[in-house]
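All remarks here apply to the structure that follows.
Each reported figure results from applying straightforward, stated rules to the coordinates on display, with no laboratory input. Because the structure is predicted, anything quoted here is derived from the model rather than measured. Please note: Cβ atoms are built from the backbone with ideal geometry, for glycine as well, and neighbour counts cover all protein chains shown.
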Amino acid sequence: MQQIVPGLLEIHLAAPPPLRGWRTGHNIQLRVSPSEKRHYTVWRTSQDEIVLIATTLGTGPGSRWLKNPTGEVTVVAGPHLPLKQKGIRRLYLGDASTIATVDAYVREAPLHVVGFEVLPYMVEQLTSRWPAYHFFPTGGLQHWLENTFEEEVPLDGAVLLGQAEALQGLRRTVMAHQSVPRQGITTKAFWATSRTGL
């Protein structure tokens with residue numbers, strides 16, 4: 001386990017592969033206690049190891065466990081089910097909790113455009129680590145979409161990930177300012193204010 005920036009960890013777990021093996025973008029559950037579990041995305045993988053990126057900024061069971069990991073944790077994984085995405089040239093938007101998922105799907109597809117909203121102190125280090133992506137301090141993502149972002153080649157799809165409440169506003173902004181049709185937008189809530197902890 002190593003820190004990428006304060007509040008964001010790269011986690012290496014020894015985990016026997018499920019049937020058909022591990023895949024980048026695999027959705028898994030970590031059972032951090034007998035009654036508590038959290039979902040994560042496999043960011044990198046080898047034969048018997050998976051790598052995750054997770055935040056410790058929440059107050060839920062996943063964040064509590066990551067701040068003080070003890071003993072073994074149960075990894076639960078079914079078959080790999082790819083994220084449903086529309087269009088060929090897509091806009092990906094998220095927050096710090098979604099970096100692994102987005103990077104797993106776009107790292108080998110340079111046509112896509114990626115923007116993340118993160119805490120201000122994270123921007124410089126994350127930009128240095130992922131220079132192809134755009135990182136904005138709190139409030140900056142909306143401003144970028146409405147006033148700054150312009151692409152010569154039109155986007156025909158968008159994938160919005162992260163906090164449930166924030167996704168509603170992002171969806172409206174993408175439709176109004178980026179001309180992406182409603183049916184071309186995929187949304188997936190990773191967390192909600194009423195259910196803190198990632």
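Numerical summary
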read-out	value
Region 26-125 shape via C-alpha gyration tensor axes, a/c threshold 1.5	oblate
Descending semi-axes in whole angstrom, ellipsoid equivalent of region 82-159, from the Cα gyration tensor	20, 15, 11
Charge-dipole axis of the chain as Lys and Arg at +1 and Asp and Glu at -1 on Cβ define it, positive-most pick from THR45, VAL106, PHE136	THR45
Length added when fully stretched, THR148-LYS84, from 0.36 nm per residue minus Cα-Cα	20.3 nm
Total lysine pairs whose alpha carbons fall under 21 Å of each other in the chain (8 or more apart, or interchain)	4
Shape call, region 6-68: gyration tensor on alpha carbons, a/c limit 1.5	prolate
